[in-house]
Amino acid sequence: MVKNAHMRYGLPDEVFEQRTPLVGQITKKEVRAVSIHSLGLRSDSVLWDIGSGSGSVAIESSHISAAGVVYAIEKDIKSIDLLRNNVDNYGSGNVEIVQGEAPKVLYDLEDPDSIFVGGSGGNLKSILEVSRARIKHGGRIVVNLALLDRTQKVYDDMKDLGFSSELVMINASRSKEMVGGELRLQALNPVFIVTGTLD
């Protein structure tokens with residue numbers, strides 16, 4: 001029986017254990033929804049989640065690709081126990097945690113159908129190059145970024161590597177109830193999502 005198969009896709013941010021409000025932040029649910037959709041996952045997909053952090057993308061993806069495998073790759077040793085706790089509590093039993101730095105640790109992994117990059121440790125260009133060499137035909141790579149100048153570089157690098165590139169910016173706001181019950185919207189930091197498809 002698949003572990004935690006009863007759990008639904010669409011977990012709130014609050015369920016994921018995090019180190020502090022500033023370190024190891026999760027991919028917010030609004031961005032997570034678009035990012036996971038952009039991965040084009042199937043029920044048997046193999047996913048690399050590079051810079052997995054708290055594991056929110058890996059965990060939610062594991063419920064979509066319950067007959068596949070999700071590799072949650074994280075270099076920060078201080079985050080591994082946190083990642084493992086979240087996977088144990090909310091994953092669907094098909095998440096394999098890989099501790100180490102990409103792209104070094106990618107070579108021994110199964111070829112992916114989809115790749116998510118939430119953190120690169122400054123190795124993004126080499127990660128993209130290895131991803132291009134290993135991703136299956138028709139596969140997708142999704143990179144989340146906070147800075148526009150880096151986003152342009154990633155978009156261009158993907159095109160140079162033969163991917164069809166697409167850029168989306170997510171600028172979401174969440175409701176916040178003020179004193180007296182008045183409702184306001186509080187903006188989240190915008191996130192740039194670059195998707196590359198290998199046609």
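What to note about this one:
- Between the stretch 37-105 and the stretch 125-163, the alpha-carbon center distance in angstrom: 19
- Tensor-based shape of the stretch 20-80 (alpha-carbon gyration tensor, a/c under 1.5 rounded, otherwise prolate or oblate): oblate
- Using C-alpha pairs under 8 Å with a sequence gap of at least 6, the mean separation divided by the residue count of the stretch 115-157 gives a relative contact order of 54 percent.
- Relative contact order, percent, the chain [alpha-carbon distance under 8 Å, six or more residues apart]: 19
- Annotation: Arg84 carries an accessible surface of approximately 100 Å², with a 1.4 Å probe and no ligand, DNA or RNA atoms counted.
- Mean shadow area of the stretch 112-199, taken as a quarter of the surface of its Cα convex hull (nm²): 6.9
- The gain in end-to-end length when the Lys78 to Gln186 segment is fully stretched comes to 35.8 nm, 0.36 nm per residue minus the alpha carbon separation.
- MRE, 222 nm, helices only [DSSP H, n ≥ 4, -39500 (n - 2.57), over the chain, to nearest 500]: -9000 deg cm²/dmol
- Average silhouette area of the chain, convex hull of alpha-carbon atoms, in square nanometres: 11.6
- Count of Lys pairs (Cα-Cα under 15 Å; at least 8 positions apart or interchain) in the chain: 4
- Cα shape, the stretch 62-120, gyration tensor, a/c 1.5 rule: oblate
The values are calculated or read from the model by the stated rules, or taken from the named source; none is laboratory data. Everything numeric here is computed off the predicted structure, so don't read it as measured data. Please note that ligands, DNA and RNA were not included when accessible areas were found on the heavy atoms of the full protein model with its side chains. Shrake-Rupley method; radii C 1.70, N 1.55, O 1.52, S 1.80 Å.
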